[in-house]
Every structure is written in structure tokens, then in C-alpha cells.
Amino acid sequence: MRRTATRACTVPEDITVFERGWLSANCVLLTGPHGATLVDTGYASDANATQAWLTRALQAQGHTLRRILNTHLHSDHCGGNALLQAHMADLETLVPADNYTAARAWDEEALSFRRTGQHCPRFVADGALQAGDRLTLGSGSWQVLAAPGHDNAMLMLFEPTRRILISADALWPNGIGVIFPEIEGVAGFAPMAQTLSLIEQLQPRLVIPGHGSPFTDVPAALAAARRRLEHFARHPQRHAHFAAKVLVKFRLIEWRRIQRSALHDWAQQIPYLRRLHVLEAADAAGPFHTWLDGIIDALVRAGAATTDSDGWVLDQ
Ligand SMILES: [Zn+2]
């Protein structure tokens, strides 16, 4: 057994976890007799760090990378694909089946990057990953499982012998992510509840999440996720407020600091933020710019941002 790349509980020898912050999702390298596979590649602005970590890990284990798997096509999970494809020969990239056609065509409307205002360099999707597929990864045989809710195309990977779950953004050590389908008026809360029930039935002994440290206390994580999900399902306006904070904070991490006026100019262009303003009771929240200032104020109150007298909004 070996520790993850940074900290937290041990993971088996054939799995190496590159635990990231929140801009990039965790990257999971699985090595074995059938070669090396990387699950998710982080955000574009961290791609050089992803490549450097991956090169070191592959050299240490005497492997070359054969395959990239993306659990879902959010920019923080597939933003490193293009750089790795440019530097590594004979690499096969598999994406969730529901995203395959849009990724092949690089259909900006169907992919999430424009709607979220996030950046993802174009990459080539070579094949589709389907729920029900079985893959030999590392030294195990893994099941591909549908995990709708956060993203209705999202997939998880489960290795039943050792009961290891790569949960993507379906289950984190604490809390849940944005339920993105709800922003577009598509059911997400109920599918997310079903995904959490599926995880409970699997009884994983080890969960490697998309964000945060690998963990073993699955009942506690499920309880926290369910509490949060039920709160959002009862109060969709609070979910909209939360989602807006997440989208603004995400870009703030990347910018580090930005003039409030430039942040407003950016936000006006982002379809999801305009929609979230409407969802969070546009009448009560006032015009878009007032609402956005409220989101910035909420981030400041939460200790996630600061502002100064020169008009800067700073990541915290
Ligand atoms: Zn995600």
C-alpha cells in the first residue's frame, strides 16, 4: 500500500492519486499488465503540472500511458486532455457516451464550457465509454456505472473485488457539487439521489473522489451529501445561489484577482449565470449587476474572496 501523491489514506499499489485543489479535479493513474490509464486530467491552466506529475509517476513505474478516461466533460476533469494528447503518442481518449458526439464535433453549444464560462482546449475523443462496460485497469476489472445528478452524462468506475469506487463528482468526502442539470430545467436532484443510493448499495471500502482526499467513511459522506441534496431540492433558489458562488469562485481561483467591473463584464456573457439570476428569484434579487454584487458579497462573507478600495476582487 502506498500513500496518495499528497496525503490522506492509503490506496493500493496499482493506483496513484494526484490530489488537487478545486480548480483541477483529482487525476487517478492505474497501472498494470495491460498498461497505464489516467482517469481525468485536471483544468487547462494546471495542465503542465499534470503532465509533470504524470511523467514522473510513469517513469517511476516503467509504464507509458495508453489511455485517458474522462468521468465527465467538465473543464476541471478534461482540461489536460489536449496537452497530454500533444505530448504522448498512441494515446486513446474515451469520454462518456452521452458526450461523445458533441466532443467529436467540438460542439461548443452542447459541451458545457461556454455555458459555465470555463476554458477547455479542444481535444480528440477517440471512443465512447458506456455504463455497463467492463475495463481492465491496473490490476483490477472495473465496472463503468452511470452516475447522473451533478452531470447527467457522468460515469463512475467501480472495482468490485476490492470494492474501490472512483466516484468523480458524485460523492466527495463532504458535501456535494452543483447539480448542473437543474440550471437548465432538467431533473438533477432526483437522479443524484438515485446515484447516492447506488453508491450505498455498492458498499465501497475506498472512495477516490473527483475532489478531496480518498476516504473510507462512506456512510458519513453519503449522509452529508444527502443532507445537502435534500436542502437544495427543498430550496432550489438556494441551490441557484450556491451554483453562482461556485462558478464565480472557480474563475476567481484562476484569475487570482480581477477588477469588479471586469468580473461584471465577464459574468454578463455567461449563460449559466444569467439563468441562475433568474432562478434565484430575479424580482427579489434585483437587476443582474445587483444580484452579482450579492454573490461577490456572499463569497466575501464565506471567506472565499476579499475586496479592496481600489475595486479589486481577490481570491482568498
Ligand atoms: Zn464536475
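Annotation for segment 246-303 versus segment 61-99: alpha-carbon center distance of 31 Å.
With both residues required to sit in the chain, DSSP beta bridges show an antiparallel share near 65%. Entry note, segment 124-166: relative contact order of 27 percent, from Cα contacts under 8 Å with a spacing of 6+ residues. Annotation for segment 230-316: trypsin sites (Lys or Arg not before Pro) lying in DSSP loop with at most 15 further Cβ atoms inside 10 Å of their Cβ are ARG256. In the full protein context, segment 236-315 carries 49 Å² of accessible surface per residue, based on a 1.4 Å probe and ignoring ligands, DNA and RNA.
Each Lys and Arg contributes +1 and each Asp and Glu -1, all at the Cβ; summed about the Cα centre of segment 119-236, the dipole is approximately 280 debye. Using equal-weight Cα scatterers in the Debye expression, the normalised intensity of segment 188-306 in log10 at q = 0.10, 0.15, 0.24 Å⁻¹ is -0.40, -0.81, -1.31.
Note on segment 1-125: dipole from Cβ charges, positive end direction compared against ASN70, THR10, THR93; the farthest Cα belongs to THR10.
Across the chain, C-alpha contacts under 8 Å between residues 6 or more apart give a mean separation that, scaled by the residue count, equals a relative contact order of 13 percent.
For GLN316, the residues whose modelled amide H falls within less than 5 Å of its own, excluding neighbours fewer than 5 places apart on the same chain, are ALA305, THR306.
Taking amide H atoms as placed 1.01 Å from N in the peptide plane, the amide H of ILE68 lies under 5 Å from those of LEU38, GLU92, THR93, LEU94, each 5 or more residues away in sequence or on another chain. Couplings 3J(HN,Hα) for segment 181-186, derived from phi with the Karplus relation 6.51 cos²θ - 1.76 cosθ + 1.60 (θ = phi - 60°), are x, 4, 5, 9, x, 9 Hz, where x marks Gly and Pro.
Annotation: THR290 carries an accessible surface of approximately 70 Å², with a 1.4 Å probe and no ligand, DNA or RNA atoms counted.
Only helices enter the 222 nm calculation for the chain: every DSSP H run of n ≥ 4 contributes -39,500 (n - 2.57), and dividing by all residues gives -12000 deg cm²/dmol, rounded to 500. For the chain, a crude dipole built from +1 on the beta carbon of Lys and Arg and -1 on the beta carbon of Asp and Glu, taken about the Cα centre, is about 600 debye to the nearest 20.
Determine the dipole magnitude for segment 236-315: charges of +1 sit on the beta-carbon of Lys and Arg, -1 on that of Asp and Glu, nothing else is charged, the reference point is the Cα centre, and the result goes in debye to the nearest 20.
Computed about the Cα centre, the dipole is about 260 debye.
Applying both filters, DSSP loop and at most 12 other Cβ atoms within 10 Å, to the trypsin sites (Lys or Arg not before Pro) of segment 71-134 gives ARG122. If you take the alpha carbon atoms of the chain and fit the smallest convex hull around them, that volume is 128 Å³ per residue. Computed 3J(HN,Hα) for segment 29-39, one whole-Hz value per residue from the Karplus formula 6.51 cos²θ - 1.76 cosθ + 1.60 where θ = phi - 60°, is 9, 10, 10, x, x, 9, x, 10, 10, 10, 9, glycine and proline marked x. Protein heavy-atom surface of segment 15-233, 1.4 angstrom probe: 49% of the accessible area is carbon and sulfur, with nucleic acids and ligands not counted. Working note: Karplus 6.51/-1.76/1.60 with θ = phi - 60° gives segment 160-172 the couplings x, 5, 9, 6, 9, 10, 8, 8, 6, 9, 7, 8, 10 Hz, where Gly and Pro are set to x.
Take the chain, mark every one of the chymotrypsin sites (Phe, Trp or Tyr not before Pro) that falls in a DSSP loop and has at most 16 other Cβ within 10 Å, then report the longest stretch left between them, sites excluded.
107-316
The values are calculated or read from the model by the stated rules, or taken from the named source; none is laboratory data. The structure presented is a predicted model; accordingly, all values stated were derived computationally and were not measured. Backbone-built Cβ (ideal geometry, glycine too); neighbour counts: all protein chains shown. With ligands, DNA and RNA removed, areas are computed over all heavy atoms of the protein, side chains included. Shrake-Rupley method; radii C 1.70, N 1.55, O 1.52, S 1.80 Å.
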